[in-house]
Amino acid sequence: METKEKRTPSRSATRRRTHRQAELVACSLCLRVLRSAGWVEARDLIRGLRTFEHEAVPRLRPALCDHCEQTLRARRGRPQEQLAA
C-alpha cells in the first residue's frame, strides 16, 4: 500500500493565499470595509480579523459604500449653490 506524503505549500502559494485573504474593499470616503455581511467600520474589522498580526499588510481596493454613493448622487442632483461674494 502506497502512503501519500503530505506536501507543504510553497512560499509563493502561501504568499498568494495570504495576499488573497488580505485584500479588502474599502469605501474611499468613509473608510468602511466591505465584508460578506455588509459595510463595517474599519477598526472593528481590523480587531476582528487581527490584521495587525498578519505578515502581509492588507491591500485596499477603492469603492463607494451604498450610503456614500447615495449621498454623492443626491448632491449631484441639486443645483449649484450660489456663493456670497
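Quick notes on this structure:
- Cα pair distances of the range 19-76 binned at 5 Å [whole percent]: 4, 19, 27, 23, 13, 7, 4, 2, 0
- Taking each residue as 0.36 nm, the span from residue 30 to residue 70 lengthens on full extension beyond its C-alpha to C-alpha distance by 13.1 nm.
Any read-out appearing in this document is the output of simple, stated calculations on the displayed coordinates, not a laboratory observation. Since we're looking at a predicted model, the values are computed, not measured.
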